[in-house]
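*Asks:* Please see the structure below; I have some questions.
Rule-based calculations on the coordinates, nothing more; no lab input. No experiment lies behind these values; they were computed from the predicted model shown. Neighbour counts run over all protein chains shown; Cβ positions are idealised from the backbone, glycine included.
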Amino acid sequence: DARGIQTVSASGKLERIWQTAYEKSQQYYMKEMRKRSSVKGSNSAPQRKAPARAAPRYAARSTAPPSKKPRNAHSMMHMRYKELRKSGMATKEAMKTARAEYGLDKADEGMDPSRAVGQMFGLM
């Protein structure tokens, strides 16, 4: 409580508690520094083992590294979309074409976008 803190700080008790904690902290710091300096002086070159190299994850399956081929229709469609955009096609047209090429446009037929957003937020 605020009144208790004011009376403790007014009497100087809080200052003495802080000073005691600070001195203990300084003593601990000096003790640790002496330990470190004595360890460094006695053991000038620490012996360290070299870390074992882990085998590549793909080594168990085959000797060839994994290919960067997409595995599902969405990632393949996304790569095709990027290709179409790089070739200069408009954003909407590139997405429509890429989705049609991989058959992902069938879910879009007969769907009202505003209704889908409303369902997503639980309004409909």
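*Asks:* Mind ordering 91-101, 109-119 by average Cβ neighbours within 10 Å, highest first?
*Replies:* Details: 91-101: 15.3, 109-119: 9.2.
The peptides rank, most packed first, as 91-101, 109-119.
*Asks:* Next question. With a ≥ b ≥ c taken as the square roots of the eigenvalues of the C-alpha gyration tensor of the range 81-124, please select rounded if a/c is under 1.5 and otherwise prolate if a/b is larger than b/c or oblate if it is not? Numbers along the way, then the final one.
*Replies:* Details: a/c = 3.65, a/b = 2.27, b/c = 1.61.
Since a/c reaches 1.5 and a/b is larger than b/c, the shape of the range 81-124 is classed as prolate.
*Asks:* While we're on this one: Between residue 26 and residue 91, with labels modelled 7 Å along Cα→Cβ, what's the label distance in nm to one decimal, could you check?
*Replies:* Reported label-point gap for residue 26 and residue 91 is 6.4 nm.
*Asks:* Taking R0 as 30 Å, what FRET efficiency do you get between residue 112 and residue 71 from their Cβ-Cβ distance, rounded to the nearest 0.05? Let's see the in-between values first.
*Replies:* Working: r = 32 Å, r/R0 = 1.06.
The value I calculate is 0.40.
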